[in-house]
Amino acid sequence: MSEIRALVFAWGESLSVISDYLTKAGMTVVTRDPDRLDVDLVPDDTSVIVIDEGAEPDKRRGVLRLVKRLRPDIPVVWHVLQAVSLTSFSKYHPDFVVASMLDPGRAWSDVADRLRESPIPDEFKERIKQVLRDGVQNAFGVSFELTTLYIQSTSTIAHPVNTLLPFVSDRVGGHIAISGDDAALGSVWERLMPGTRPKFVDEQDLAGEIANVAIGRLKELLLGYQSSLSLGMPLYLGGDPRVLYRTSKSGLVVWGHVPGINLTLELYLKWADVANIVPTDPLHAHEGEFNWV
Amino acid sequence: MKKTILVVDDSATVRQQLAIFLQGNGYQVETADDGSTALAACRLKQFDMVITDLNMQGMNGISFVGELRKIPSFASVPVFVLTTESAMEVMSKGKAAGATAWIVKPFRPDILIKGIQKVLGVAA
């Protein structure tokens, strides 16, 4: 992608500010009246669509839904001032989330770089989604709908129960976060142990175990990339929505939610050095299998 | 007389899930939340079998198995490791420490119970 043509939906002063930074990042800016949405909204030569969350986030999500329906092939950048709650996106997700409050020039340059060259191969992203989805489904009977997006912002906690498990290897680094409310984690608990009710600490523990199983599957996947994963200490965070739990700013996020209940998963990869590795099927034990040793 | 299984895992979810499952299959169950606590319990009481997690704070599963095997009455008691860890290299360390079997979480109830019945016999 040599020329990047950015279609910008922004309102008021934000439009000129964002357009200025996009131009400085080497993009060609095209604008549309954001209040007149129709089927010809997105020109054919558009490389990327930028939507400013602004002061009316619900209205902006309407724009996101429309452009994603019209042109699902074009990446969408969601611009926020500082922090984002990914739970606010339901069926339609942006491909990038950018917070430009602290260093807008760098933020938009990073987006341009990502658009020109994806540093994490799509095959790897798909494999991650598959192992996370299958691992959690098999263990807990809940099915996450997963998507991948690049994040350059902090996140806020959306639910009262949160577990965060950091990990690192010679090829990847990041964390997994499981977040849910009483009803969601209670329903998973009761599915596993019918007739019992969890206390708050049980719900925290369950969220930790979901993270543990998901990381176990990621660990298994990475064996195929000749890499061994080490885990950090799990963190249990309270449900104050003002708490920011991802402070490192740039990375790939595999984000998922379980339809119908308030349970979310966020796998955050600050970096992943897997581009030139041909994955193999390593010698390892498979989940559920019995191995006499 | 019912056989007694000691379940060692730092996750309350796993301890309770396993306890309900094993009790439902006719076994008595006691639990411990780390290797050190489990080892102390084994010095006071004889169990017919042990199922342990691998990654636990303090004493991990492999160290626990190694220490357990030093207690004469536990030299030949079956010990299953139930963990998300699937690497052969780590399994080999478990074997060297004295583990009997290795199961990658999540466990499949039918497979786990068959393995238990193989080492303990069918529960009453």
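The values are calculated or read from the model by the stated rules, or taken from the named source; none is laboratory data. Not measured: the values here are computed from a predicted model. Because the Cβ atoms are built from the backbone with ideal geometry, glycine has one as well, and the counts that use them run over all protein chains shown. These area figures cover heavy atoms from the full protein model, side chains too; ligands, DNA and RNA do not enter into them. Shrake-Rupley method; radii C 1.70, N 1.55, O 1.52, S 1.80 Å.
Numbers for the structure displayed
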item: Cleavage-rule hits, GluC sites (Glu not before Pro), the stretch B:67-124, DSSP coil, Cβ neighbours within 10 Å at most 13; result: none
item: Computed FRET value (nearest 0.05) for A:Ile277 with A:Leu235, which takes r as the C-beta separation and R₀ as 22 Å; result: 0.15
item: Fraction of beta bridges assigned by DSSP in the protein assembly as shown that are antiparallel (%, nearest 5); result: 50 percent
item: Exposure of A:Tyr236 as accessible area (Å², to 10), given a probe of 1.4 Å and all protein chains; result: 100 Å²
item: Axial C-alpha extent at least 20 Å, average Kyte-Doolittle at least -1.0 - helices from chain B (DSSP); result: none
item: Largest-first ordering by accessible area, 1.4 Å probe, given options B:Asp110, A:Asp205; result: B:Asp110, A:Asp205
item: Centroid-to-centroid separation of the stretch A:117-188 and the stretch B:1-75 [C-alpha atoms, Å]; result: 30 Å
item: Kyte-Doolittle mean at least 0.0, axial Cα span of 24 Å or more - DSSP H helices of chain A; result: A:200-223
item: Surface/4 estimate of mean projected area, convex hull on alpha-carbon atoms of chain A, nm²; result: 16.7 nm²
item: Extension reserve of the A:Asp103-A:Ser2 stretch, reckoned as 0.36 nm per residue once the Cα distance is removed; result: 33.9 nm
item: Extension gain from A:Ser85 to A:Ala183, taking 0.36 nm per residue of separation minus the Cα-Cα distance; result: 33.3 nm
item: Average beta carbon contacts from partner chains per residue of B:12-19, 10 Å cutoff; result: 6
item: Computed [θ] at 222 nm, deg cm²/dmol, chain A (DSSP H ≥ 4; -39,500 (n - 2.57); rounded to nearest 500); result: -10500 deg cm²/dmol
item: Rough spin-label spacing in nm, given labels placed 7 Å along Cα→Cβ, for A:Arg65 and B:Ser73; result: 6.7 nm
